[in-house]
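The next block holds one structure in the form of structure tokens; read it before the comments.
All of the numbers you see were taken from the coordinates with simple rules; none came from a lab. Nothing here was measured: the structure is a model prediction, and the numbers come from that model. Every residue, glycine as well, gets a Cβ built from its backbone with ideal geometry; the counts of neighbours run over all protein chains shown.
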Amino acid sequence: MDIWAFFAFVASLKATPRSGWNIQFPPGSPFQSRHVPESESVGDHSYGLITLAMLLADQLGVDRLKFMVMAVFHDLGESVPPGDVVVYHVPPEEQARLRAEKGVREDAAIEAICHTLGTEGAQYLAVWKEYHAQTSQEARLIKELDLLEVAHQAVRYFMQGHVLNPHDFFDNVRVGISHPVIRELFVRLEEEVRIEEVRRK
């Protein structure tokens, strides 16, 4: 096991920007363009998700350690170039191809990353594959928490006055979450935005 070789991938996430916060959408797009100077990194986002996993594991009825490990690995494949690739702003006919390419790249990256852990890497690779294939309750709930964490960050940026429309994120989150505990937390974010929108009028 080479701890520092593995940690080099983890550390690189701190310098990998989350590209979805700065996008210029073309005219006629249903989305509002976004501009968030010095926006979060993939490492920032991952830390938020890991924290949510730690705090909510019992309420969600899942094993806390496995849940947190899954959160650690969920975006670790973005530690290698090209990093965080957003595809929903490209034409629909391109999205499927780009998502498939992203999946292949991240599979290969995670295998290489887990290889640095020697024989112990196999258990982490199995957790990643479970998440990627969405074959367990933990995997599906991490995906829901991933959406929730993004919604929370969108609200924070909106409250800080950055150029973005939180409802662009809410529509996607609303479709993607179903667990009542997670949905209740999301509803609180929606209410926070409604109150702020009324205040700004």
Total lysine pairs under 21 Å (Cα atoms) in the chain, excluding pairs fewer than 8 apart on one chain: 7
Between region 15-77 and region 157-201, the Cα center-to-center distance that results, in Å: 15 Å
Gain upon complete extension [Glu197, Val10; 0.36 nm per residue less C-alpha separation]: 63.6 nm
Rg(Cα)/(2.2 N^0.38 Å) for the chain, N = residue count: 1.05
Thr16, Thr119 arranged by Cβ crowding within 10 Å, fewest neighbours leading: Thr119, Thr16
Rounded FRET efficiency, nearest 0.05, which uses the C-beta distance separating Arg156 from Ser136 and R0 of 22 Å: 0.15
Sorted by Cβ neighbour density within 10 Å, fewest at the top, the residues Asp63, Asp84: Asp63, Asp84
Additional length obtainable on full extension of the chain from Glu101 to Val187, 0.36 nm per residue less Cα span: 27.6 nm
Region 69-148 shape via C-alpha gyration tensor axes, a/c threshold 1.5: oblate
Taking Tyr124, Tyr131 and counting other C-beta atoms within 10 Å, the order from fewest to most: Tyr124, Tyr131
Spin-label model distance (nm) - Gln123 vs Ser33, 7 Å beyond Cα toward Cβ: 5.0 nm
Computed magnitude of the charge dipole of region 3-200 (debye, nearest 20; Cβ of K, R +1, Cβ of D, E -1): 160 debye
